[in-house]
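The values are calculated or read from the model by the stated rules, or taken from the named source; none is laboratory data. Predicted, not measured: the structure shown is a model, and the values here were computed from it. Glycine gets a Cβ as well: all are built from the backbone with ideal geometry, and neighbour counts include every protein chain shown. Surface areas here come from the heavy atoms of the whole protein model, side chains and all, with no ligands, DNA or RNA. Shrake-Rupley method; radii C 1.70, N 1.55, O 1.52, S 1.80 Å.
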Amino acid sequence: PSKLIAIAKDVQLLVEFNPQRVAAYRLIGYANQVLKSEDLDHDPVSADDIVSGHTVTAFYEIVPAGAVMAAPKTRNGLKYQKPLEPQVVMSASKEWLNLKLRHKHPESDATFLLESVIEGEATPWQKATSDSQFAAAVALFGMKLRGMDEVVDVSWDQLLELAQPGLRYDSEGNPQQDRTEFIGMVSKLRSLSR
């Protein structure tokens, strides 16, 4: 049996979006673990550990600066909801966000803070890596199971189309079990929904 080896403990991440590039954002799937910016200045009481080979993926839904946003959909037809006007024109800056990562060495209580600016051009989802597309399919699947309004128009076929390129094979040409099982589960739900 393989052994999980901790490479960092009490890990905290803080993402700060550049308002000249991002007018609004929403973290998907981690709403119960949102960190306040001032929390990063204190030793974490109970944060997550990261083990070797472990990957953490966070998805944010963003509205680019300068985009005209529609009024939020409401079920009760509020009278004064109007489309929001753009507040900031898209900046020439290539910086999207600033990422701070605070952690402790697995065998120490000394705290380290790493900071990195993420910049570049936006990539359409069709040109994203197959791993990113697969992760997005899993996130959309979870949202769909929860009956979230944002994904009501996402079909099972679209989920499969997004997930299929992420299917991976081992050195002997066998498909990875976890990804194969996910695609099988989505296929079964597609059949049941017809």
FRET efficiency for Ala139 and Thr111 from the Cβ-Cβ distance with R0 = 25 Å, rounded to 0.05, comes out at 0.25
May I ask you to give the percent of accessible area on the range 107-194 that is carbon plus sulfur, with a probe radius of 1.4 Å? 52
Violating pairs (Cα-Cα greater than 25 angstrom) within the set Lys127/Lys188; Lys94/Lys127; Lys104/Lys127: Lys127/Lys188; Lys104/Lys127
The answer for the net charge of residues other than Asp157 whose Cβ lies under 15 angstrom from its Cβ, with Lys and Arg +1 and Asp and Glu -1, is +2
Normalised contact order of the range 83-194, rounded percent, pairs of Cα under 8 Å and 6 or more residues apart: 18
Along Cα→Cβ, 7 Å out, is where each label goes; now give me the distance between the ones at Met148 and Val56 in nm to one decimal. 1.9
